[in-house]
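The block underneath contains the structure these notes are about, expressed in structure tokens.
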Amino acid sequence: MGHLAVLVLLCLPVCSAYRLNGAVSKDSDADFVKQYLEKYYKLAKETKPFVRRRDHGPIVEKIREMQKFLGLEVTGKLDADTLEMMHKPRCGVPDVGDFTTFPGMPKWRKTHLTYRIINYTLDLPRDAVDSAIEKALSLWQEVTPLTFSRADEGEADIKISFAVRDHGDFSPFDGPGNVLGHAYPPGPGIFGDAHFDDDELWTDNQSGTNLFLVAAHELGHSLGLFHSADPRALMYPVYSAHTDLAHFRLSQDDVDGIQSLYGSPPVSPGGPVVPTESVTSGPGTPAACDPALSFDAVSTLRGEILFFKDRYFWRRSHWSLEPEFHLISTFWPSLPSDLDAAYEVTSKDTLFVFKGGQFWAVRGTEVVAGYPKGIHTLGFPATVGKIDAASSDKEKKKTYFFVGDKYWRFDENSQSMEQGFPRLTADDFPGVAGVDAVFQHFGFFYFFRGPLQFAFDPNARMITHTLKSNSWLYC
């Protein structure tokens, strides 16, 4: 029996996110508050029940502690804001400040980790679940030396599953609307694993419970992070359904936390291209915050986003507060200026850039031997003289080429153009026309035309946001 008790303690998950339903009656307020403070702020269980008239004592002190941690006015009183915060969705681990790791700082002792999705929720298509998990892991990959690969069978460092009620780990789920999920810190066996309550309504948007947001938080625990007191942080214990998914990025607090365990991302090889001194803007150079700024091409590259304009490009990364500005020739002396299109194939660690009837393949700072090649080797008809924009979907292994009012789709697996193309862009991307550049981020297509960009949701088949093109450059 003693061994079982130890096992239960060791296997408690590190995060159980609660959605506490509705208002609590006044009669049950005292019990609810006491249980909340016991669970999250280590209030002693033998503490006498809360008495509203008192302005001192252990419960009042714990209310003050909770208010301070969660960024509320510190009054020690159960005002409306405090009770409302107590009823918000949250993780079920004690709140400890700033970025915090688990006792003993457990972390993975290797930088390449495998993950396996054991089963799927029926709320979302399988590829939407795959995409949400991959995006969640990519947030942490972009700011660390960590890399992740998916295993379809057998063992994996991080196993991800959907379950209901009692699912074999001594922490049963409780049906819809309460516990959202939990995860375990790094280690062997069940440690590192993340479980999601399949009685929730999982979504890939802001209705229901967003799988990407919950998975990103839980997988932060799987990598060794505890909770943050910064309300802007992903690791803040209270779940927010109003996060801007289109422009979501880790807070500096999240970055500091994960880098305290694993360090900064590598620069080369296998990381972003080697940095050099940035160009100083001056007469004749494009200005990042010019309201009329447009781009020639946009692409991701090793976790960064590159924005090409004339002889220059900006590189934006999650670990830099300011975009860098460079000459193309500083990195790739043999590439032309005034590019037409660019896209990354992440499985090949290759950037493809286009100008006129030719295209080049780039890895790191090296142009791949045998390039440039003619665009017609990809399967374009002779009538196509140049590409306007291109973007590759790493989940579907498809590359989209936009030319005039039409687009082609290229299968990266078979290395051939798909049958049935070209199609009219407006038929499959309603509202999109005259594309200068395009790239994909967190499941959205971002189409650039002149000084504007259009965020297109392929699941809803509609433009969801219209923004200035240079909003990615913190303008």
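No value in this document is a laboratory result; all are computed from the given coordinates. Since we're looking at a predicted model, the values are computed, not measured. Cβ atoms come from the backbone with ideal geometry, glycine included; neighbour counts cover every protein chain shown.
Charged neighbours of G431, selected by a Cβ distance under 12 Å, balance to -1 (K, R count +1; D, E count -1).
For region 411-475, how big is the tail of P(r) above 13 Å, as a whole percent of Cα pairs? Here the long-distance tail beyond 13 Å is 67 percent of all Cα pairs in region 411-475.
Distances between placed amide hydrogens fall under 5 Å for L234 paired with S251, D254, all partners being 5 or more residues away or on another chain. Of the peptides 431-443, 358-370, the ranking by mean beta-carbon count within 10 Å, highest at the top, reads 431-443, 358-370.
I want the local charge near I375. Using Cβ-Cβ distances under 11 Å, sum +1 for each Lys or Arg and -1 for each Asp or Glu among the other residues. Summing Lys/Arg as +1 and Asp/Glu as -1 gives +2. Would region 338-439 count as rounded, prolate or oblate if I go by the C-alpha gyration tensor, calling it rounded below 1.5 in a/c and otherwise prolate when a/b exceeds b/c, oblate otherwise? Prolate, since a/c reaches 1.5 and a/b exceeds b/c. Anisotropy class assigned to region 96-216 is rounded, per the alpha carbon gyration tensor with a/c under the 1.5 cut-off.
Give the shape of region 151-256 as rounded, prolate or oblate, defined through the alpha-carbon gyration tensor: a ≥ b ≥ c are the square roots of its eigenvalues, a/c under 1.5 means rounded, and otherwise the shape is prolate if a/b is larger than b/c and oblate if not. Here region 151-256 falls in the oblate category. Residues whose amide H comes within less than 5 Å of that of D436, counting only those at least five positions distant or on another chain, are F448, R449, G450 (H built at 1.01 Å from N in the peptide plane). Among K110/K159; K34/K77; K62/K107; K68/K88, which pairs are too far apart, with a Cα-Cα distance over 19 Å? Listed pairs above 19 Å: K62/K107.
For region 352-475, lysine pairs separated by 8 or more sequence positions, or belonging to different chains, with Cα-Cα distances below 15 Å total 4.
With a cut-off of 13 Å between beta carbons, the residues surrounding S337 carry a summed charge of -1, where Lys and Arg count +1 and Asp and Glu -1. Sorting the segments 371-382, 140-151 by their mean number of nearby beta carbons within 10 angstrom, highest to lowest, gives 140-151, 371-382. Most tightly packed first, judged by the mean number of other beta-carbon atoms within 10 Å of their residues, the peptides 80-86, 452-458 read 452-458, 80-86.
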